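The values are calculated or read from the model by the stated rules, or taken from the named source; none is laboratory data. Note that this is a predicted model, so its numbers are computed, not measured. Quick reminder, even Gly has a Cβ in these numbers, built from the backbone with ideal geometry, and neighbours come from all protein chains shown. Side chains are part of the model used for accessible areas, which takes the heavy atoms of the whole protein and leaves out ligands, DNA and RNA. Shrake-Rupley method; radii C 1.70, N 1.55, O 1.52, S 1.80 Å.
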Amino acid sequence: MKYLYIAVAALLLACASEEQPVEITLFNGEDLSGWHLYNEEKTPSIWSVEDGLLTCDPSNDGAFGDLVTDLTYEGDYIFQCSWRVDSAGNSGIFFHVLETQSLAAPWMSGVEYQILDHSDTTNHNYGDPTRMSGALYGFQELPDSLIYHQGDWNRTEVHMKGGVITYFLNGVQTAQMDLNGEPWKAAVAASRFQEYDAFGKPRNGRIGLQAWKGRVQFKDITLRR
């Protein structure tokens, strides 16, 4: 009987170990290993590492474009990162990006987590509650409880579970959408993204960081699954 207890305990311990989440570091703080310019894998770009921070600076030499992970990700996971955007900056994070020459940019397939300088009143997104930081870009209005740190670090968390994507900004939930549901399909069909057949449909894809306007920096980029 003693050996039976030991065997059961060992089995329970093994199961518990298997259920522990695994955290993957997507950015090593030293170089761009694990990332490349969308559709231009070996092209030098405006993305670099400055003082351990993943930096997009349009004033840098190199090609202008979005950065994507070398690997694709599917299933359930939790993505986390911290970001800081300079004055007049505009960026974003894409999920389930389909990289193909037939699509010129990640936003044509991947859904976007918006990043924006909230002090830039001249930006075309300014004041639109579906296009400010933390928004599921173009689709859902942000809550009144939104917390945004102007000119400082902000923390993003994105949960992907069973086809449902949930956004958080500085601990506050800012969006949630079932990407397999009819409301999502209807929303896309009524949006400017309807002309892109792949938009919002892939369930396996790359994670992308947008170069749109101004300087933006990222750190502590991880994926837990």
Of the residues in the range 204-225 that are in contact with an Asp or Glu (Cβ under 6 Å, 6 or more places away or on another chain) and over 25 Å from residue 63 (Cα atoms), the one that is surrounded by the fewest Cβ atoms within 10 Å (Cβ to Cβ) is 204
Original post:
Quick one: is residue 105 among the small types (Gly, Ala, Ser) and in contact with an Asp or Glu (Cβ under 7 Å, 6 or more places away or on another chain)?
Top reply: yes
Residue 115 meets each of (1) assigned to a loop (DSSP other than H, G, I, E, B); (2) modelled with pLDDT of 95 or more; (3) aliphatic (A, V, I, L, M); (4) touching a Ser or Thr at 6+ places or on another chain (Cβ under 9 Å) with one exception, condition (1)
Residue pairs within 7 Å by beta carbon, gap of at least six or interchain, first lying in the range 61-82 and under 10 Å from residue 36 (Cβ atoms) and hydrophobic (A, V, I, L, M, F, W, C), second at pLDDT below 95 and surrounded by fewer than 20 Cβ atoms within 10 Å (Cβ to Cβ), listed first then second, are none
All-but-one check, residue 168 against (1) touching a residue at least 40 places away in the same chain (Cβ under 8 Å); (2) aromatic (Phe, Trp, Tyr); (3) closer than 16 Å to residue 221 by Cβ, failing number (1)
Counting only residues in the range 83-102 that are in contact with a strand residue (DSSP E or B) (Cβ under 9 Å, 6 or more places away or on another chain) and over 26 Å from residue 52 (Cβ atoms), the one least open to solvent (accessible area, probe 1.4 Å) is identified as 96
Of those in the range 36-60 that are without any contact (Cβ under 8 Å) to a residue 60 or more places away in the chain and among the charged types (D, E, K, R), the residue least open to solvent (accessible area, probe 1.4 Å) is 40
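Does residue 50 fit the bill of being out of contact with any Phe, Trp or Tyr (no Cβ under 8 Å at 6 or more places or on another chain) and closer than 23 Å to residue 204 by Cβ?
Details: out of contact with any Phe, Trp or Tyr (no Cβ under 8 Å at 6 or more places or on another chain): yes; closer than 23 Å to residue 204 by Cβ: no.
So residue 50 fails the test.
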Flagged in the range 68-82 as hydrophobic (A, V, I, L, M, F, W, C), open to solvent by less than 10 Å² (accessible area, probe 1.4 Å) and closer than 20 Å to residue 155 by Cβ, in numbering order, are 79, 81
Scanning the range 64-91 residue by residue, those hydroxyl-bearing (Ser, Thr, Tyr) and assigned to a loop (DSSP other than H, G, I, E, B) turn out to be 72, 87
Inside the range 103-122, the number of residues satisfying the requirement of being over 13 Å from residue 210 (Cβ atoms), open to solvent by 10 Å² or more (accessible area, probe 1.4 Å) and not small (Gly, Ala, Ser) is 5
Notebook entry, point to check: Any residue in the range 170-186 that is polar (S, T, N, Q), on the phi < 0 side of the Ramachandran plot and buried (at least 21 other Cβ atoms within 10 Å of the Cβ)?
Noted result: yes
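I need the full set of residues from the range 134-152 which are within 16 Å of residue 209 (Cα to Cα) and either of a type outside the set (A, V, I, L, M, F, W, C) or loosely packed, with under 14 Cβ neighbours inside 10 Å (or both), in order please. So that I can check it myself, show each step before the final result.
Of all residues in the range 134-152, those within 16 Å of residue 209 (Cα to Cα) come to 134-137.
Within the range 134-152, 134, 137 qualify.
Quick one: count up the residues across the range 24-63 that are of a type in the set (A, V, I, L, M, F, W, C), assigned to a strand (DSSP E or B) and closer than 24 Å to residue 98 by Cα.
Our first condition is that a residue be of a type in the set (A, V, I, L, M, F, W, C); within the range 24-63, this holds for 24, 26-27, 32, 35, 37, 46-47, 49, 53-54, 56, 63.
Remaining after also requiring assigned to a strand (DSSP E or B): 24, 35, 37, 47, 49, 53-54, 56, 63.
After this cut, where a residue has to be closer than 24 Å to residue 98 by Cα as well, the list is 24, 35, 37, 47, 54, 56, 63.
Residues flagged as of a type in the set (A, V, I, L, M, F, W, C), assigned to a strand (DSSP E or B) and closer than 24 Å to residue 98 by Cα within the range 24-63 amount to 7.
Take residue 212 and decide whether it is aromatic (Phe, Trp, Tyr), modelled with pLDDT under 95 and closer than 23 Å to residue 66 by Cα.
On the way: aromatic (Phe, Trp, Tyr): yes; modelled with pLDDT under 95: yes; closer than 23 Å to residue 66 by Cα: yes.
It is true that residue 212 is aromatic (Phe, Trp, Tyr), modelled with pLDDT under 95 and closer than 23 Å to residue 66 by Cα.
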